[in-house]
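The values are calculated or read from the model by the stated rules, or taken from the named source; none is laboratory data. What you are looking at is a predicted structure, and each value in this text was computed from that prediction instead of being measured. For neighbour counting, all protein chains shown are included, and Cβ atoms are generated from backbone atoms with ideal geometry for every residue, glycine included.
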Amino acid sequence: MNPGIETMAFYTPRYYLDLRTLAAHRGADPDKFYLGLGQEKMAVSPPDEDVVTMAAEAARMALEGVDVSSIDTLMFATETGVDQSKAAAIYVHRLLGLSTHCRSFELKQACCSSTAGLQMALALVAQRPHKKVLLVAGDIARYGLGAAGEPTQGAGAVAMVISAEPRVIAFEPEQGSYTEDVMDFWRPNYLEEALVDGKYSIKVYLRALAKSWEHYRQESGRAFTDHDFFCYHLPFTRMAEKAHLHLARLNQLPPDPDRLDREVEPSLLYNRQTGNCYTASLYEGLLSLLETSEGNLAGKRVGLFSYGSGCMASFFSGKILPGYRDAIPLDRGRRLLEDRTELRYEEYENFYEHRLPTDGSAYAIASHQTGAFRLAGVADHKRNYERVEVAAVKAVPPPPQAVPAKKAVVA
Ligand code: HMG
């Protein structure tokens, strides 16, 4: 059997802003966000949640029932790193209590580093089948208050246990890759919000799709119709719809009004409620497909397109395994999305504007709803994480006081 995913889980913050609320404050037609972008809600992380706590929570769920002593590598794909030197993976390693013999490091190439990590992990477990890799991917997408990209903001993390004996999906070895030096979306080290050439980024996404598909087709000999489902990187769900129709046209398929509903729609349901989770988005889409599709998907082939601005892209495929329904609780994602607190616009701005001190002073962060881990505060320029009882932090606290700090530059 090909290696693949043994278990996986998704986590998204416990707060969201409805895009109708955002539209009202931006003087926009809500249909532009709901229909034009295909987004309904954006996940908003509270001040005591960051990529470390989100990824640790996703990993905690993915590791349920897994012998953690078999995990010898932890990879963390993110573009929301919390330190220029120390890998966010090291914090997650400690929070999860992994073995000191488990190496831990961070990966970067915009939204595509999770896929680079996956492909590296598949090679590792093929070489040493008795070991497993824990791959976590998580991000908080920030474009700036009032920026064109604001309605596509979001947050979330996915964790996957990669193994030589997968239960969820086994990946086929052929893949198509594409790299091109472009400035469609980037974030210099001194900015907290991404800079983006939005319309251009859509063009480059579609070009990278065509090029990596063509490479994959040559490598695998497979046709479009050899795939039952398609999962795309999801900056917003209309992007996947555009991508799928583009790919169908490139493959000269006759028009089919049910194509999107049948082959793509199940993978879009979670992202529509969370917004862009960058490195996690494609795999959030895969979980959405697995958890929300009716019927048994065992044996179905999924084509996956991963895109990371800048840019690098990858097209690859996998076959869903008979054990997938036992390996992932099928209603977990839906329950997580339903059990969230809606923010008023002012609360969203308060969360968004919150900054940690940058002068090394000690600062304790008020408790909000989180998963089992939270960022308790900072002191001496060091982050302090703690484990919490999830049930004990249900009440919605007052919005935090923003700490005056470095001014964010809005894209
Ligand atoms: P915009 O200029 O505000 O929106 O920015 P628009 O005017 O293009 O409208 C969007 C859609 O809504 C259009 O549909 C409109 O027609 C429609 P389309 O023509 O494209 O089919 N629309 C309406 N529909 C119904 N009722 C209405 C209405 N009004 C308009 N009343 C843009 C949109 C996506 C550019 C912006 O949100 C943005 O810059 N987003 C961030 C960049 C992005 O997501 N790029 C995607 C590709 S790059 C990528 O995926 C990588 C990334 O994830 C980062 C990484 O790799 O790390 C971003």
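Scanning region 129-152 for residues that are within 9 Å of the ligand (Cβ to nearest atom) and not small (Gly, Ala, Ser) yields 139, 143, 150, 151, 152. Determine if region 153-174 includes at least one residue that is over 23 Å from residue 268 (Cβ atoms), in contact with a Lys or Arg (Cβ under 7 Å, 6 or more places away or on another chain) and among the hydroxyl-bearing types (Ser, Thr, Tyr). Checked against the condition, which is being over 23 Å from residue 268 (Cβ atoms), in contact with a Lys or Arg (Cβ under 7 Å, 6 or more places away or on another chain) and among the hydroxyl-bearing types (Ser, Thr, Tyr), region 153-174 yields at least one hit.
Scanning region 238-272 for residues that are within 21 Å of residue 297 (Cβ to Cβ) and of a type outside the set (Gly, Ala, Ser) yields a total of 18.
Of all residues in region 109-128, exactly one satisfies the criterion of being within 16 Å of the ligand (Cβ to nearest atom) and of a type in the set (Val, Ile, Thr), namely 115.
Can you say whether residue 129 is part of a loop (DSSP other than H, G, I, E, B) and surrounded by 23 or more Cβ atoms within 10 Å (Cβ to Cβ), as far as the supplied structure shows? For residue 129, the condition - part of a loop (DSSP other than H, G, I, E, B) and surrounded by 23 or more Cβ atoms within 10 Å (Cβ to Cβ) - is not met. For residue 85, the conditions (1) crowded, with 22+ Cβ neighbours inside 10 Å; (2) farther than 16 Å from residue 158 by Cα are fulfilled apart from (1). In region 90-101 there is no residue that is within 28 Å of residue 172 (Cβ to Cβ) and hydrophobic (A, V, I, L, M, F, W, C). Counting only strands (runs of 3 or more DSSP E) wholly contained in region 2-107, the ones carrying 2 or more residues that are among the hydrophobic types (A, V, I, L, M, F, W, C) occupy 4-11, 41-44, 71-77, 103-107. Counting only residues that are outside any helix (DSSP H, G or I) and surrounded by fewer than 24 Cβ atoms within 10 Å (Cβ to Cβ), region 269-301 holds 10 of them. Of all residues in region 173-188, those being surrounded by fewer than 17 Cβ atoms within 10 Å (Cβ to Cβ) and either modelled with pLDDT under 95 or more than 16 Å from the ligand (Cβ to nearest atom) (or both) number 2.
From the residues in region 198-236 that are within 11 Å of the ligand (Cβ to nearest atom) and of a type in the set (Val, Ile, Thr), which one is farthest from residue 39 (Cα to Cα)? Of everything passing the filter in region 198-236, 204 is farthest from residue 39 (Cα to Cα).
Looking at the structure I just gave you, is residue 249 in a helix (DSSP H, G or I) and either touching a helix residue (DSSP H, G or I) at 6+ places or on another chain (Cβ under 9 Å) or free of Cβ contacts under 8 Å to residues at least 60 places away in the same chain (or both)? It is true that residue 249 is in a helix (DSSP H, G or I) and either touching a helix residue (DSSP H, G or I) at 6+ places or on another chain (Cβ under 9 Å) or free of Cβ contacts under 8 Å to residues at least 60 places away in the same chain (or both). Of note, residue 10 satisfies the criterion of being within 24 Å of residue 171 (Cα to Cα), touching a residue at least 24 places away in the same chain (Cβ under 8 Å), more than 16 Å from the ligand (Cβ to nearest atom) and surrounded by 21 or more Cβ atoms within 10 Å (Cβ to Cβ).
Set side by side, the residues 336, 234 differ, and just one is part of a helix (DSSP H, G or I) and of a type outside the set (Asp, Glu), which is 336.
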